[in-house]
1. For each of 123, 115, count neighbouring Cβ atoms within 10 Å of the residue's Cβ, then give the residues from fewest to most.
2. With N set to the number of residues, divide the alpha-carbon radius of gyration of the chain by 2.2 N^0.38 Å and report two decimals.
3. For the pair residue 92/residue 23, report the inter-label distance in nm, with labels modelled 7 Å from Cα in the Cβ direction.
4. With a point put 7 Å past each Cα toward its Cβ, work out how far residue 80 is from residue 142 in nm, to one decimal.
5. Report the calculated FRET efficiency for residue 44 and residue 135 (r = Cβ-Cβ distance, R0 = 30 Å), to the nearest 0.05.
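All of the numbers you see were taken from the coordinates with simple rules; none came from a lab. Everything quoted here is computed from the prediction, not taken from an experiment. Cβ: placed from backbone, ideal geometry, glycine included. Neighbour counts: every protein chain shown.
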Amino acid sequence: MVAGVPHPREMAIDVVNRLQDHYGYLSDDSLALAAGLLEMTPLELEELATFYTFIYREPVGRYVIHVCDSVICWMEGGVNLVAHLLARLGIQLGETTADGLFTVLPVCCIGYCDRAPAILVNRKVHGPLTIESLDRLVDSLREDAA
């Protein structure tokens, strides 16, 4: 992927995403490997990786749920929706369920204000949501994982 590329640094996000897709997250070993391939220092790549919301430096669940905490989602009931989701899953923001299925992460805005309140599940938007539609979504994801 990087061999023969005149400016390997330009491939940084592509390389990181490939490693994350393979391992589920960007481990320290993967980061060091990528830094070497890209002719970057591990610190330079760490700075890049921690800037992006969709790069995970720690293990995450099979379904990563990004909850929008923008004012529009708040106004449309997002706070109650997130509270319900966390209670149902038995975790706090930033945590993963014991079964490894769900990780819930906050994000400042997912850009779907017209579908508020909305969430992303593995980068796919769902919204506008109600508590009932959120429950159906969680049930569906559990069934798909079984």
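1. Placing the least packed residue first, the sequence is 123, 115.
2. In units of the globular-protein estimate, the chain measures up at 1.18.
3. Output for this residue pair reads 2.7 nm.
4. Each label point lies 7 Å from its Cα, and together they span 2.2 nm.
5. Using R0 = 30 Å, I get an efficiency of 0.10.
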